[in-house]
Amino acid sequence: LREECGVSGWTLLQFPGDAVLVPAGAPHQVQSLTGTISVEQRFLSLENAARLRDHSTHPQLRAQLDGMIFSAVREAVGVLRGCK
């Protein structure tokens with residue numbers, strides 16, 4: 001990739017207790033040197049969930065996104081009701 005596109009990579013050695021944040025959309029590759037447990041957290045903003053729902057034709061995905069949007073709105077209303 002370096003010669004073709006000018007893209008170069010980094011090597012990162014991660015130790016127990018270290019966390020690595022890979023920005024959304026960034027290609028990455030992982031090589032485990034020992035047995036590991038991977039914990040992954042994906043984030044989908046409410047705005048992107050609504051946009052994805054509007055363009056989805058898959059009924060199960062639409063239902064999941066509806067639930068996510070409903071929960072976020074319910075939580076926001078609860079927070080606003082707590083404000084004086």
### Residue that is nearest to residue 72 (Cα to Cα), among those in segment 10-58 that are in a helix (DSSP H, G or I) and of a type outside the set (Gly, Ala, Ser)
46
### Message
Name the residue that is surrounded by the most Cβ atoms within 10 Å (Cβ to Cβ), counting only residues in segment 9-57 that are small (Gly, Ala, Ser) and over 19 Å from the mean Cα position of the chain (by Cα).
### Response
9
### Query
Quick one: how many residues across segment 69-84 are hydrophobic (A, V, I, L, M, F, W, C), assigned to a helix (DSSP H, G or I) and open to solvent by 70 Å² or more (accessible area, probe 1.4 Å)?
4
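The values are calculated or read from the model by the stated rules, or taken from the named source; none is laboratory data. Here the structure is a predicted model, which is why all the values come from computation and not from measurement. No Cβ is skipped: glycine too gets one built from the backbone with ideal geometry, and neighbour counts run over all protein chains shown. We work out accessible area using only protein heavy atoms, side chains counted, and drop any ligands, DNA or RNA first. Shrake-Rupley method; radii C 1.70, N 1.55, O 1.52, S 1.80 Å.
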